[in-house]
Amino acid sequence: MDEEYDVIVLGTGLTAFWARRRSPTRPEPLLHDSVPPTPPTRPPPIIRTLRPHSIPPTFCAHSGAGMHPVGHHVCEREEGAAHGPEPLLWGRELLHHTPGGDLMGMFEKRRFRKFLVFVANFDENDPKTFEGVDPQSTSMRDVYRKFDLGQDVIDFTGHALALYRTDDYLDQPCLETINRIKLYSESLARYGKSPYLYPLYGLGELPQGFARLSAIYGGTYMLNKPVDDIIMENGKVVGVKSEGEVARCKQLICDPSYIPDRVRKAGQVIRIICILSHPIKNTNDANSCQIIIPQNQVNRKSDIYVCMISYAHNVAAQGKYIAIASTTVETAEPEKEVEPALELLEPIDQKFVAISDLYEPIDDGSESQVFCSCSYDATTHFETTCNDIKDIYKRMAGSAFDFENMKRKQNDVFGEADQ
């Protein structure tokens, strides 16, 4: 272990392994240190039907930021991926398939179609496609008003298509929202049924796929190595101490649990894992789905999320379904905050409640070269995590992540030609 590395990564969380995708095919010395959690006591029989380490409530958009590295190097090449969940929106105390579905009347659908055509044709470099909308100054609220869209349609456009967590975006310039909706449309168009992918055997397979790929190109993995100390000299990281040995480095990537003195609490999230013996009702017996309950439908400041996966994804026994309800904590009674979600899941065989603190770094790491990720929020999609990863990469490398550089060369180990 007494060697020097360009980068040391602590932990095997998704953000940690993915941020280091800088990439494993680039010949830079890398040490990835992991201390797996202490094995629990023997679980009750119902839990033995799951693979609990593989069921975080997160899905990948087919064409989203997450699918560039994951789809190219893991889902398509390593493990394979199942079609992800069908997205649904909770409104008027009913579940509605998105986009559109039975949420709209005939005239509303015509207006929404015009809106989608506008979004599809929109090109920020071509003013002819603006139709009187200034992408830098026109608010999204004004764009909705331009197409005379109703409140229910606005809710699912902003929360189920653009994946916003609150309604703050309504009074911000519309460009980002338009691009988010275009992303959803492109993702949906790739396969038609769902804009999401989910890796077979669960998200726990993604770090494993990265580990194999990284090992091919000289990365070093150390398991069961406790982190005793992060060594700093003149305010800059120089290494990590473990069991009397020191691995030196130029940069360090980790999550908040490794550097509690360099993060601040940003809130809490509640997650309830529910074991079901049936699909969620009113979802056409889907073996996976994502449900978003917009904040204003339940008089909250943030959305409530439900994701459901099942035996079809190889994460549960035959006939079993796993649903995870989550939201940002806003009151002193978190469990009551997710009751609208739990009502959709009845009857529930067994449930497990976890309330976690959310942390964020207090600095950007440019001086210390310690780059810390944010805690995982309540969302059930990868986009917020991807934004965090891209931000970490930019702070480390000094430039934005270039996805085109990830395309395989003709002479690489997989023998693929440039696309």
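The values are calculated or read from the model by the stated rules, or taken from the named source; none is laboratory data. Since the structure is predicted, the reported quantities are computational estimates derived from the model, not experimental observations. Backbone-built Cβ (ideal geometry, glycine too); neighbour counts: all protein chains shown. Protein only, heavy atoms only, side chains kept; ligands, DNA and RNA dropped before computing areas. Shrake-Rupley method; radii C 1.70, N 1.55, O 1.52, S 1.80 Å.
Summary of values
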| quantity | calculated |
| --- | --- |
| Residue match in region 195-205 (condition: within 30 Å of V133 (Cα to Cα), touching a helix residue (DSSP H, G or I) at 6+ places or on another chain (Cβ under 7 Å) and not in a helix (DSSP H, G or I)) | yes |
| Which listed residue is touching a Ser or Thr at 6+ places or on another chain (Cβ under 9 Å) and within 20 Å of D6 (Cβ to Cβ), from S373, S399, S366 | S373 |
| E243 vs. criteria outside the structural domain of V133 (by the TED database) and at pLDDT below 80 | no |
| Test for F210: is it open to solvent by less than 40 Å² (accessible area, probe 1.4 Å) and closer than 22 Å to M104 by Cα | no |
| L223 vs. criteria under 30 Å from T283 (Cα atoms) and touching a strand residue (DSSP E or B) at 6+ places or on another chain (Cβ under 7 Å) | no |
| Strands (runs of 3 or more DSSP E) (entirely within region 235-345) containing at least 3 residues that are open to solvent by 50 Å² or more (accessible area, probe 1.4 Å) and of a type outside the set (G, A, S) | 245-254, 263-276 |
| Residues that are hydrophobic (A, V, I, L, M, F, W, C) and surrounded by fewer than 20 Cβ atoms within 10 Å (Cβ to Cβ), drawn from region 179-199 | A189 |
| Residue under evaluation V238, criteria (1) of a type in the set (A, V, I, L, M); (2) more than 22 Å from the chain's Cα centre (by Cα); (3) under 30 Å from A341 (Cβ atoms), criterion not met | (3) |
| Subset of region 105-131 [in a loop (DSSP other than H, G, I, E, B), exposed (fewer than 14 other Cβ atoms within 10 Å of the Cβ) and under 28 Å from the mean Cα position of the chain (by Cα)] | D123, E124 |
| Those residues of region 346-357 which are open to solvent by less than 70 Å² (accessible area, probe 1.4 Å) and closer than 12 Å to Q268 by Cα, in sequence order | A354, S356, D357 |
| Boolean, N387 is assigned to a helix (DSSP H, G or I), modelled with pLDDT under 90, within 21 Å of the chain's Cα centre (by Cα) and surrounded by fewer than 16 Cβ atoms within 10 Å (Cβ to Cβ) | yes |
| Pairs, first charged (D, E, K, R) in region 105-125, second assigned to a helix (DSSP H, G or I), C-beta under 7 Å, six or more apart | E108/V153; D123/T129; E124/L175 |
| In region 152-173, residue surrounded by the most Cβ atoms within 10 Å (Cβ to Cβ) [restricted to those that are in contact with a strand residue (DSSP E or B) (Cβ under 9 Å, 6 or more places away or on another chain) and either within 15 Å of V119 (Cα to Cα) or without any contact (Cβ under 8 Å) to a residue 24 or more places away in the chain (or both)] | L161 |
